Amino acid sequence: MIPELGHFALILALLLSATQGGFSLGGAARGNHAWMAAGRSAVVGQFVFTAVAFAALAWSFAERDFSVLYVAANSNSQLPLFYRIAAVWGAHEGSLLLWSLCLAGWTLAVTAASASLDAPFRSRVIGILGLISIGFQLFMLTTSNPFDRLMPAAAEGQDLNPLLQDFALAVHPPILYFGYVGFSVAFAFACATLLEGRLDAAWARWTRPWTLAAWLFLTIGIALGSWWAYYELGWGGWWFWDPVENASFMPWLAGTALIHSLAVTEKRGLFKSWTLLLAVSAFSLSLLGTFLVRSGVLISVHAFATDPARGIFILAFLTVVIGGALALFAWRAPRLNSAAGFEVTSRESFLLFNNAFLVAALSLILLGTLYPLFMDALELGKVSVGPPYFDLVFLVPMIPLLALLGVGMHAAWKRGLLGSMRVRLVVVAAGSLAGALIIGAAAYGDIRPMSTVGFALGLWVMLSSALIPVMRLRSRQPLPAAVVGMVVAHFGIGLATLGITGVQSFKIEKDFALGIGEAATIAGYEFKFAALRDVRGPNYVGVEADIVVSRAAVPVTVLKPQKRLYNSGGNPLSEAGIEVGAARDLFAALGDELGQGRWSVRLQYKPLIRCIWLGAILVALGGLIAAFDRRYRAPVTSTAGDRAVAPAR
Amino acid sequence: MKLPSRFILPAAAFAVLVAFFVIGLQRDPGTIPSPLIGRSAPAFSLESLGDPAWRVGTADFAGRAWLLNVWATWCAGCRDEHEALLAIARENRVPIVGLNWRDDRSLALGWLAQLGNPYASVAYDPEGRTAIDWGVYGAPETFLVGADGRVLVKHIGPLTLDVWQRKFVPLLPSPGEGT
Amino acid sequence: MLAAALFFAVAAGAVDTGQRFDDQAQQARYERLIRDLRCLVCRSESIADSNATLAADLRREVERLMREGKSDAEIHAFMTERYGDFVLLRPPVAPRTWLLWAAPALFLVGGLAAVVVVIRRRALAARDNPSSLDEEAGEP
């Protein structure tokens, strides 16, 4: 009964999306306010019914209704309630419903917050969001219905993939999707601008807080995924350049470029068409990511189960949405131009470089991710592109970006740097280099070219960022939220750089064969295999080891890695024992039992790894602070003067 | 309306991308293709599971079709497919040769004694070298080798009678031919 | 810079799943080789990182092949003959991957060139027409 209710609610949501799309766009084109109002009402209805559908699916999971195919495939009667709910988005169909709910939510928020925009523009934005909603709901109802019944009902479910039975699972996809879907707002603003043929840059100011919000969610979502992989997968890695990881990173890079480009467009009216293109691209990359993950064109461990029909649908949807937006761009963008000028060392310049490097990085990742597909399609053989390629190649645009970042933050708009600033920056740069050498020598006893470059760049960005509030406070200048946000976010980038350099340069991973009572030493820490016991969980059995860690005979901690076998079958899972520290993580994981009571144990020393995720949190926090700047909270007005619409057709 | 060339670039690039995706969707995604298909089966000569004095190898089956089934007692899927293997063995169309991968000899023998033995012979590969030669990465895996010694089919995962009928049977020599 | 990046890739960390070679250069080569091979069981890891049994077996094979004097290309060939090209994480440097390996330089140079062109135009506008510096987009 409840599943059918959910199914019905989804159908209603689709009808309302169509209403929303049709009446909003039609009303805007014809200047019909009644239609536009109808479109806005449809937004609320669509949200309500999507939420009902989502609740129905969650209910089916909570109540262990194995007559629903999706529930039977992804849940189990022994699965704890928390994970039963999280399993709603654990596989393809349910995650689409989550996408749809996020989209409905963002649309509702935009509708509510845009009352002061002029009606046709506002309706166009809502209408475009409605059209996108139609796509997802139609996709679900035709090829991926989460409410399909299983007759006769399964006696027991197949269980959620044990890897996904984890707290981070519950939060990683919703946060990530919030980010992906949030870029649709910038996309809709951009398309509405192009549709109307607007020549001004007011839309840049309206779009920026929404873009910041989506971007910060995406930042947290990606960081969560990385952190989760680190402690859950048992091998201590935190990024693998897997196609699905890249699918989330590319929109993030586009989004970062977009926020910076929006700054220039908002302030000086420059680069309007470029910024519009970026706004279209960020969401397009989100959609592209959806396609790559669900169509099966790329091999990935993250990929959802594939089905050609689904692949074709998404591709068609992609073509319509992205193709349509890019065609719109080709048609309207040429009309946009500006006569503004700026000097070579102005902030505009630096932001241009920022965009160039970010887009270069994005393009490299896109090329590397799709290259196997290109080669296969052209029958040039099978090629695989993995971390050895991406790790190398990503550095190429990133190193100059980080270097220029430290300078660009201080550049003034329009005109170049003041002389005194140059001196300060040279001092900070020298200090960063010195600091890098000191860290290398003192903390790790080793100075290498790349680690020094990495530490120096990290410190450079951190110190350069910190310089801004220090200088402003000393000269009693105001410190608006936008500036604080920027400082915090950039500081976070520097911190993350520090972390990445530390881990990549100085991590130690070793396997040992240990029996009870035996010990091994890495990085000055002694790891003693003290005990082994059986453990039992709600839906698994396994063994747990006690690994006593000490340094210079002083006890540090006891790590408890486990090896679990889930009742639903499958390969044994290794849960790592991790000791968290600001300066380093200590990591132990159980490998295979070697016989005669000895086990293969992998021990790892991971310096500065926490800085990576801490840095990411700061980046997101910076975005949050910036989004609340006073200039975005003032009611948005638009006068006849800046409407400047090009003559229709 | 004249379109300046550079503004049409994004749309054009996207169109090219879509074309690649259309081709990509038509090719078989998903499973990693085995480079062994169509090539000579990697030769091996290993101790027999039951009796270390005996040897089992590719030479034993020269000139006829045979199945290689990679299994181990620690592999849950191998237990799932055991019934199907017994049924296929009863059909007696091709001999099934077992490759016991990285297993304990006595455990493996006990397993067969308890569950039934579908194998004409079982090769013991405790170090996994032969499995690597055959590109094995996840038990159970089953290969069909033709009478000419070439690998015809590889199936990863438990063998079911359905898969047997669909993937293997069409490529078997017809009954009465080359056994 | 590319050379430095290569150095980084080689010098990164001590992936020591048991010191296999006394000779430092050989050990470094070994670590690089195992980082470039995918663990097919876990799929999102190299055989250096993975603690799967197959990964350990493949590491043993790499060591054996190295001791037999095989070259990197021969070791890669050994793996791809058995597991297909998917097992290599580092794409080969061959005519068909020329674009892939040239891309970093191409994209960087291309991006910089575009930026330089734009900056020059705007800086000249600023110099020739000082009022253009006052152009703003801000709301009234």
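The values are calculated or read from the model by the stated rules, or taken from the named source; none is laboratory data. For clarity, every value in this text was computed on a predicted model and none was experimentally measured. Positions of Cβ are backbone-derived with ideal geometry, glycine not excepted, and every protein chain shown enters the neighbour counts.
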Please determine, by comparing only the residues of segment B:102-135 that are out of contact with any Leu (no Cβ under 8 Å at 6 or more places or on another chain) and in a loop (DSSP other than H, G, I, E, B), which one is nearest to B:Leu172 (Cα to Cα). B:Ala120
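Among the residues of segment A:376-394, how many are free of Cβ contacts under 8 Å to residues at least 12 places away in the same chain and in contact with a Leu (Cβ under 9 Å, 6 or more places away or on another chain)? Step through it out loud before you land on a result.
Taking segment A:376-394 and keeping what is free of Cβ contacts under 8 Å to residues at least 12 places away in the same chain, we get A:376-382, A:388, A:392.
Of the ones still in play, those that are also in contact with a Leu (Cβ under 9 Å, 6 or more places away or on another chain) are A:388, A:392.
Count: 2.
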Could you tell me whether any residue of segment A:618-637 is more than 14 Å from chain C (Cβ to nearest Cβ), closer than 29 Å to A:Pro80 by Cα, crowded, with 18+ Cβ neighbours inside 10 Å and at pLDDT 90 or above? no
Go through the residues of segment C:57-70 one by one and say whether even a single one is β-branched (Val, Ile, Thr), surrounded by 13 or more Cβ atoms within 10 Å (Cβ to Cβ) and more than 23 Å from B:Arg39 (Cβ to Cβ). no
Just a yes or no: is a residue in segment B:155-162 away from chain C (no Cβ under 14 Å), more than 18 Å from B:Val70 (Cβ to Cβ) and either touching a residue at least 40 places away in the same chain (Cβ under 8 Å) or not aliphatic (A, V, I, L, M) (or both)? yes
Output for Cβ contacts, cut-off 6 Å, separation at least six or different chains, first residue within 9 Å of another protein chain (Cβ to nearest Cβ) in segment A:339-354, second part of a loop (DSSP other than H, G, I, E, B) and of a type in the set (Phe, Trp, Tyr), reads A:Glu348/A:Phe342
Among the listed residues A:Arg474, A:Arg448, which satisfies the condition of being more than 14 Å from chain C (Cβ to nearest Cβ) and at pLDDT below 95? A:Arg474
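Okay, residues lined up against (1) buried (at least 16 other Cβ atoms within 10 Å of the Cβ); (2) modelled with pLDDT of 85 or more:
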{"position": "A:Ile516", "(1), (2)": "no, yes"}
{"position": "A:Ala523", "(1), (2)": "yes, yes"}
{"position": "A:Ser568", "(1), (2)": "yes, no"}
{"position": "A:Leu586", "(1), (2)": "yes, yes"}
Hits in segment A:537-557 - residues which are under 35 Å from the mean Cα position of the chain (by Cα) and surrounded by fewer than 16 Cβ atoms within 10 Å (Cβ to Cβ): A:Gly537, A:Pro538, A:Val541
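Give the number of residues within segment B:65-104 that are away from chain A (no Cβ under 14 Å) and of a type outside the set (Phe, Trp, Tyr). If you could, list the steps in order and put the result at the bottom.
Step one: list which residues in segment B:65-104 are away from chain A (no Cβ under 14 Å), which gives B:65-71, B:82-100.
The next check asks that each one be of a type outside the set (Phe, Trp, Tyr); those that pass are B:65, B:67-70, B:82-100.
Here the count works out to 24.
Can you tell me which of B:Arg150, B:Arg64, B:Arg102, B:Arg79 is on the phi > 0 side of the Ramachandran plot, touching a residue at least 24 places away in the same chain (Cβ under 8 Å) and among the charged types (D, E, K, R)? Please lay out each step first, then the result.
On the way: B:Arg150 fails: on the phi > 0 side of the Ramachandran plot; B:Arg64 fails: on the phi > 0 side of the Ramachandran plot; B:Arg79 fails: on the phi > 0 side of the Ramachandran plot.
Result of the check over B:Arg150, B:Arg64, B:Arg102, B:Arg79: B:Arg102.
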Residue hits (segment A:183-213; under 17 Å from A:Ser24 (Cβ atoms) and away from chain C (no Cβ under 14 Å)) are A:Ser184, A:Val185, A:Phe187, A:Ala188, A:Phe189, A:Ala190, A:Cys191, A:Ala192, A:Leu194, A:Leu195, A:Glu196
Could you tell me whether C:Arg67 is modelled with pLDDT of 85 or more and within 13 Å of chain A (Cβ to nearest Cβ)? no
Can A:Ala279 be described as more than 14 Å from chain C (Cβ to nearest Cβ), closer than 30 Å to C:Arg121 by Cβ and of a type in the set (A, V, I, L, M)? yes
Could you tell me how many of the residues in segment A:189-204 are in a loop (DSSP other than H, G, I, E, B) and either without any contact (Cβ under 8 Å) to a residue 40 or more places away in the chain or buried (at least 24 other Cβ atoms within 10 Å of the Cβ) (or both)? 1
Is it true that some residue in segment C:100-111 is more than 8 Å from chain A (Cβ to nearest Cβ) and either farther than 30 Å from A:Gly269 by Cα or not in a helix (DSSP H, G or I) (or both)? yes
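For every residue, the table says whether it meets (1) within 22 Å of A:Leu366 (Cα to Cα); (2) of a type in the set (Val, Ile, Thr); (3) within 20 Å of the chain's Cα centre (by Cα).
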{"position": "A:Ser261", "(1), (2), (3)": "yes, no, yes"}
{"position": "A:Lys272", "(1), (2), (3)": "no, no, no"}
{"position": "A:Leu276", "(1), (2), (3)": "yes, no, no"}
{"position": "A:Leu287", "(1), (2), (3)": "yes, no, yes"}
{"position": "A:Phe291", "(1), (2), (3)": "yes, no, yes"}
{"position": "A:Asp307", "(1), (2), (3)": "no, no, no"}
{"position": "A:Gly311", "(1), (2), (3)": "yes, no, no"}
{"position": "A:Arg335", "(1), (2), (3)": "no, no, no"}
{"position": "A:Ala340", "(1), (2), (3)": "no, no, no"}
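May I ask you to list the residues in segment A:358-385 that are among the small types (Gly, Ala, Ser), touching a Gly at 6+ places or on another chain (Cβ under 8 Å) and surrounded by fewer than 20 Cβ atoms within 10 Å (Cβ to Cβ)? If you could, list the steps in order and put the result at the bottom.
Kept after step one, since they are among the small types (Gly, Ala, Ser), are these residues of segment A:358-385: A:360-361, A:363, A:368, A:377, A:381, A:384.
Retained after the next criterion (residues that are touching a Gly at 6+ places or on another chain (Cβ under 8 Å)): A:360, A:377.
Answer for segment A:358-385, where residues must be among the small types (Gly, Ala, Ser), touching a Gly at 6+ places or on another chain (Cβ under 8 Å) and surrounded by fewer than 20 Cβ atoms within 10 Å (Cβ to Cβ): just A:Ala377.
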Considering residues of segment A:542-582 that are among the polar types (S, T, N, Q) and out of contact with any strand residue (DSSP E or B) (no Cβ under 8 Å at 6 or more places or on another chain) only, the residue farthest from A:Gly237 (Cα to Cα): A:Ser568
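Could you run through segment A:78-97 and say how many residues are surrounded by fewer than 20 Cβ atoms within 10 Å (Cβ to Cβ), part of a helix (DSSP H, G or I) and not β-branched (Val, Ile, Thr)?
Adding up the residues that qualify gives 2.
Determine which member of the set A:Leu318, A:Leu253, A:Leu288 is of a type outside the set (Phe, Trp, Tyr), facing another protein chain (nearest Cβ under 9 Å) and closer than 18 Å to A:Gly368 by Cα. So that I can check it myself, show each step before the final result.
Values: A:Leu318 fails: closer than 18 Å to A:Gly368 by Cα; A:Leu253 fails: facing another protein chain (nearest Cβ under 9 Å).
Criteria check complete, one pass: A:Leu288.
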Is it true that A:Ala73 is in contact (Cβ under 8 Å) with a residue 12 or more places away in the chain, among the aliphatic types (A, V, I, L, M), farther than 19 Å from A:Tyr180 by Cα and out of contact with any helix residue (DSSP H, G or I) (no Cβ under 8 Å at 6 or more places or on another chain)? yes
